[in-house]
Amino acid sequence: MSLIKQVDLAILGGGCAGLSLARELAKHDVKQSVVIIEPRTTYQDDRSWCFWAPAQHALTDWVSCAWPQWSFGQHNQLKQFKSHVDFLYQYIRSGDFYQKSQLAIQGCSAINLALGQTVQEVYLEPAGWRVATNSTTFMAQQVIDTRPPPSSLVQQSTLIQSFLGVEILFDQPTDIDVTQVELMTDMRLLDGEFCFTYLLPLSAQQLLVEVTVFAKTRPTQADLQIELDKLLHKRGWAHAHIVRTEYGNLPMGLPNGAPSTSPQPIRAGMAGGALRPSSGYGFLRIQRWAELCAKQYVDNGTLLPQTVSGFLMQQMDQIFLQALQKDSALAPVLFDNLLSQTKPDRFIRFMNDQASLLDCLHIIAHVPKIPFIKALLARQRYAL
Ligand SMILES: Cc1cc2nc3c(=O)[nH]c(=O)nc-3n(C[C@H](O)[C@H](O)[C@H](O)COP(=O)(O)OP(=O)(O)OC[C@H]3O[C@@H](n4cnc5c(N)ncnc54)[C@H](O)[C@@H]3O)c2cc1C
């Protein structure tokens with residue numbers, strides 16, 4: 001019979017949320033025993049985390065690039081630019097994040113990162129949570145679950161944000177403007193679904209360039225590859241050296257799963273609703289939650305579920321998504337209006353979950369009214 005390992009806290013999944021919580025617990029020099037259970041044996045640089053933040057913040061040293069300007073525009077139209085003096089659009093390489101998080105965790109003897117272990121079963125017993133992995137059984141007093149939502153649930157989201165991109169390296173410096181990111185350029189419809197280009201100039205010689213689609217049914221990776229190849233060709237970058245590929249499918253408006261008959265652990269990260277439904281951004285929310293959750297655990301031994309949007313933002317996001325789901329042709333105009341007519345500080349507060357009622361009213365003023373009123377009425381009919 002295998003030995004059962006006793007721990008105070010088991011964190012299921014060592015991705016963004018799991019490692020962020022562990023890093024914050026290490027900062028407090030947590031005394032309770034903590035295990036993070038993660039299937040990967042080594043971490044790869046598999047994603048780029050971007051967000052708006054002031055130049056100085058808790059993870060400033062982890063940021064590889066920061067840009068003062070962002071651009072956007074519809075298909076075949078000139079790009080427009082925006083900037084904000086106090087906020088930069090910032091990029092943390094996941095490779096750096098994984099490495100630095102592991103270093104921070106190693107500095108705390110109470111925390112153990114169990115790599116190469118996949119959680120197979122989790123259930124509550126009188127003595128605590130029994131967590132069975134492919135090689136070990138843990139008995140944990142508390143559990144926080146950051147494993148991704150099942151793909152069957154992601155498929156039921158209002159929309160799915162799918163993207164495929166490559167980080168490319170040129171032999172020579174290019175004349176690309178390294179002070180601005182292309183946030184949403186070439187916004188258009190692709191087979192009836194909203195599509196745009198996302199481009200981060202990492203240096204004059206290195207870029208991350210992605211094709212993104214918001215769709216009811218996610219396109220295949222092969223479909224996205226065709227669009228990405230066209231884009232690279234159009235920009236004259238088809239022969240650049242590919243450093244890495246980045247691919248994702250993010251739920252926009254993830255539904256709650258069916259209620260379970262047995263007790264379930266607290267959820268955090270994407271499955272806990274960390275991603276902003278209307279944008280798919282979640283990194284900053286996860287950082288805020290990790291900070292609060294670690295402090296609460298160290299102070300009084302209790303855990304905090306993933307923090308999500310307030311009621312008003314949730315309603316706005318849902319109406320927004322439903323309007324886009326009904327009529328994807330709206331999207332290029334809508335995002336163009338939103339980005340061009342909303343002041344940068346309002347837009348950043350909106351993206352960062354810090355919008356005031358006045359910010360929300362300004363945003364509502366710049367979206368096409370009829371489709372949104374229809375989506376609102378449809379929601380009310382559904383609620384009755
Ligand atoms: C390619 C990509 C780019 C993104 N870019 C941005 C961005 O620029 N800005 C932004 O704000 N957000 C971004 N996001 C959204 C969001 O920030 C990320 O998805 C983030 O990684 C979510 O964190 P998480 O901890 O919930 O999930 P993950 O980081 O995916 O972590 C989940 C962990 O659970 C583990 N796991 C899976 N199954 C098991 C199991 N059975 N047992 C134990 N562990 C398990 C996985 O191996 C993984 O490590 C991006 C997402 C992707 C996919």
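The values are calculated or read from the model by the stated rules, or taken from the named source; none is laboratory data. Everything numeric here is computed off the predicted structure, so don't read it as measured data. Cβ placement follows ideal geometry from the backbone for every residue including glycine, while neighbour counts extend to all protein chains displayed. For the accessible areas, the whole protein counts, side chains as well, though only heavy atoms, and no ligand, DNA or RNA atoms are used. Shrake-Rupley method; radii C 1.70, N 1.55, O 1.52, S 1.80 Å.
Given a 1.4 Å probe and heavy atoms of the protein chains only, how would you sort Ile36, Ile364, largest accessible area at the top?
Ile364, Ile36
State the answer as a single residue: which of Ile176, Met270, Phe163 lies farthest towards the positive end of the charge dipole of the chain, with beta carbon charges of +1 for Lys and Arg and -1 for Asp and Glu, about the Cα centre.
Value: Met270.
What does the extension gain come out to for Thr136 and Asp86, with contour length at 0.36 nm per residue minus their alpha carbon separation? Provide the component values of the computation, followed by the final result.
Working: separation 50, 0.36 × 50 = 18.00 nm, distance 4.84 nm.
Between Thr136 and Asp86, full extension yields an extra 13.2 nm.
Please report the spacing between the Cα centers of the range 88-124 and the range 1-43 in Å, no decimals.
Spelled out, the Cα-based centre of one part sits 7 Å from the other.
At 0.36 nm per residue, and after removing the present C-alpha to C-alpha distance, how many nm does the segment from Gln44 to Ile370 gain when stretched out fully?
The Gln44-Ile370 span can extend by a further 112.8 nm.
Starting from the Cα of Gln225, step 7 Å along the direction of its Cβ; do the same at Ser64; then give the gap between the two resulting points in nm.
Those two pseudo-labels are separated by 2.3 nm.
Name the long-range amide H neighbours of Val143: under 5 Å, sequence gap of 5 or more, or other chain; modelled H, no Pro or chain starts.
Excluding prolines and chain starts, which carry no amide H, the hits are Ala10, Ile266.
Cut-off under 23 Å on the C-alpha distance; same-chain residues fewer than 8 positions from Lys326 excluded. Which lysines are left, in chain and number order?
Candidates past the 8-residue exclusion: Lys216, Lys369, Lys374.
Can you tell me, using C-alpha contacts under 8 Å and at least 6 residues apart, the relative contact order of the range 314-384 as a whole percent?
Values: 31 pairs, mean separation 31.0, N = 71.
Normalised by residue count, the contact order of the range 314-384 is 44 percent.
Give the carbon-plus-sulfur fraction of the accessible surface of the chain in %, rounded to a whole number; probe 1.4 Å, heavy atoms of protein chains only.
Details: 10000 of 18130 Å².
After summing per-atom areas, the C and S share lands at 55 percent.
Could you tell me the accessible area of Thr60 in Å² (1.4 Å probe, neighbours in place), rounded to the nearest ten?
Its heavy atoms expose roughly 30 Å² to the probe.
With springs only between Cα atoms under 10 Å, which of Gln205, Gln120, Gln44 fluctuates most in a Gaussian network model of the chain?
Gln120
Each residue of the range 179-190 in order: what ³J(HN,Hα) in whole Hz does its phi give by Karplus 6.51 cos²θ - 1.76 cosθ + 1.60, θ = phi - 60°, with x for Gly and Pro?
For the range 179-190, the Karplus-derived couplings read 9, 9, 8, 8, 6, 8, 10, 6, 5, 7, 9, 10 Hz, x marking Gly and Pro.
Set the Förster radius R0 to 51 Å, insert the Cβ-Cβ distance between Gln6 and Ser279 as r into 1/(1 + (r/R0)^6), and round the FRET efficiency to 0.05.
Plugging the Cβ-Cβ distance into 1/(1 + (r/R0)^6) gives 0.80.
Residues with amide H under 5 Å of Asn112's amide H, sequence separation 5 or more or different chain, H placed in the peptide plane at 1.01 Å from N; which?
Residues meeting the criterion, in which the H sits 1.01 Å from N, are Val34, Val35, Ile36.
Please compute the Cα-Cα pair-distance distribution of the range 285-384 with 10 Å bins starting at 0, giving whole percents from short to long.
14, 37, 28, 15, 6, 0
What is the antiparallel percent of DSSP beta bridges lying wholly in the chain, to the nearest 5?
The antiparallel proportion sits near 70 percent.
For n ≥ 4 DSSP H runs only, could you compute -39500 (n - 2.57) per run for the chain, divide by its residues and tell me the 222 nm figure to the nearest 500?
Taking each H run of at least 4 residues, the total per residue is -10000 deg cm²/dmol.
Distance between Cα centroids, the range 162-206 to the range 67-87: provide it in whole Å.
Between the Cα centre of the range 162-206 and that of the range 67-87, the gap is 13 Å.
Could you give me the ³J(HN,Hα) list for the range 56-68, computed from phi with Karplus coefficients 6.51, -1.76, 1.60 and θ = phi - 60°, whole Hz, x at Gly and Pro?
My calculation for the range 56-68 gives 10, 7, 4, 10, 3, 5, 8, 7, 8, 9, 8, 10, x Hz in order.
Assuming R0 = 56 Å, what is the FRET efficiency of Asp177 and Ala127, from their Cβ-Cβ distance, to the nearest 0.05?
It comes out at approximately 0.40.
List, in order, the whole-Hz ³J(HN,Hα) value for each residue of the range 31-41 obtained from phi through the Karplus relation with A = 6.51, B = -1.76, C = 1.60 and θ = phi - 60°; use x for Gly and Pro.
9, 5, 7, 10, 10, 10, 9, 9, x, 5, 9
Taking each pair of distinct Cα atoms in the chain once, what is the resulting Kirkwood hydrodynamic radius in Å?
Taking the inverse mean of 1/r over all distinct Cα pairs, the chain comes out at 22.2 Å.
Report, by chain and number, residues whose modeled amide H sits under 5 Å from the one on Thr118, excluding near sequence neighbours (fewer than 5 apart, same chain).
Hits under the 5 Å cutoff: Asn134, Ser135.
So the label point goes 7 Å from the Cα of Ser203 along Cα→C-beta, right? Which residues of the range 63-78 then have their backbone N under 16 Å from it?
So the set is 63-66.
Tell me, what is a quarter of the convex hull surface for the C-alpha atoms of the range 159-252, in nm² with one decimal?
Working: hull surface 23.2 nm².
For the range 159-252, averaging the hull's shadow over all directions gives 5.8 nm².
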